[in-house]
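Asks: So that we are looking at the same thing, I have put the structure below in structure tokens.
Nothing in this text is a laboratory measurement; each read-out follows from the coordinates by a stated rule. This one's a predicted model, so the numbers in the text were calculated from it and none came from an experiment. Positions of Cβ are backbone-derived with ideal geometry, glycine not excepted, and every protein chain shown enters the neighbour counts.
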Amino acid sequence: MSALIIRSARLEDSAALATLSEQLGYPANAAEVKTRLPRYIGAPERRVIVAELDGKVIGWTSIEIVDHFYIEKFAEISGFVVDAAHRSRGVGHALMAEAERWTSEMGLPGLRLKTNVVRVDAHRFYEGMGFERTKTQYTYVKKLAPSRGSR
Ligand SMILES: CC(C)(COP(=O)(O)OP(=O)(O)OC[C@H]1O[C@@H](n2cnc3c(N)ncnc32)[C@H](O)[C@@H]1OP(=O)(O)O)[C@@H](O)C(=O)NCCC(=O)NCCS
């Protein structure tokens, strides 16, 4: 049986990360991911972790340190997806185990995440991994015209 490899993302994973982002509901193309990914590679405060099977990236999670002045620093999962063809085989658990290990290694006492209320499968997954639901929030967005280009 092939071994699952859990490792940090590399630039050459961009196309696979983009395809999986679409499954997460955030369509991105490989070029966009390739532009944005370098700020995670080798960064001390954020990381993209991938699951690789038979040379193919089949899942990813992104994690970052959140550091506000009014609250103790914590780590937050900002994205999490496993290829639909590989779900329920422990890939998600393996990715989360590495995210938790990284959080502890960073000396942080807690790992948080936000998830859409409609993602019932994901709630089951997170609760099965020991996460507790602490509150329900609304997200507000206001569209504005950027006055300069952003990446
Ligand atoms: C949530 C997700 C990352 C879990 O990954 P996974 O590799 O399937 O997780 P694992 O195999 O390690 O664990 C599966 C467990 O999670 C739950 N689960 C989550 N999604 C499931 C699914 N589609 N089918 C069955 N079980 C699911 C179950 O409790 C299951 O435990 P069980 O197999 O003992 O019943 C994956 O389902 C996914 O990518 N979902 C779509 C994207 C998404 O919602 N991401 C979360 C954004 S906040």
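Asks: Once you place label points 7 Å from the Cα toward the Cβ at Ile71 and Arg39, how far apart are they in nm?
Replies: Modelled inter-label distance: 2.0 nm.
Asks: Now, a different point. Apply 1/(1 + (r/R0)^6) to the Cβ-Cβ distance of Val118 and Ala97, taking R0 = 22 Å, and write down the FRET efficiency to the nearest 0.05.
Replies: So, using R0 = 22 Å, E works out to roughly 0.25.
Asks: For segment 4-128, what proportion of DSSP beta bridges, expressed in % and rounded to the nearest 5, is antiparallel?
Replies: Expressed as a percentage, antiparallel bridges in segment 4-128 total about 90.
Asks: Once the Cα atoms of the chain are picked out, what are the Rg and Dmax in Å?
Replies: Spelled out, the Cα radius of gyration and Dmax of the chain are 15.9, 53 Å.
Asks: Need one number: nm distance between label points at Glu12 and Thr136, each 7 Å from Cα along Cα→Cβ, rounded to one decimal.
Replies: With each label placed 7 Å out from Cα toward Cβ, I get 4.7 nm.
Asks: Would you calculate a helix-derived [θ] at 222 nm for the chain, using -39,500 (n - 2.57) for each DSSP H run of n ≥ 4 and dividing by the full residue count, to the nearest 500? Intermediate results must be reported in sequence, preceding the final value.
Replies: Numbers: 4 runs with 42 residues, N = 151.
Computed mean residue ellipticity for the chain: -8500 deg cm²/dmol.
Asks: Tell me, what is the FRET efficiency for Met106 and Ala145 to the nearest 0.05, using R0 = 35 angstrom and their Cβ-Cβ distance as r? It would help to have the intermediate numbers written out before the result.
Replies: Values: r = 37 Å, r/R0 = 1.06.
With R0 = 35 Å, the Cβ-Cβ based efficiency is 0.40.
Asks: Shifting gears a bit: At 0.36 nm per residue, minus the direct Cα-Cα distance, what do Ala30 and Ala3 gain on full extension? Give it in nm, one decimal, please.
Replies: Result: 7.1 nm gained on full extension.
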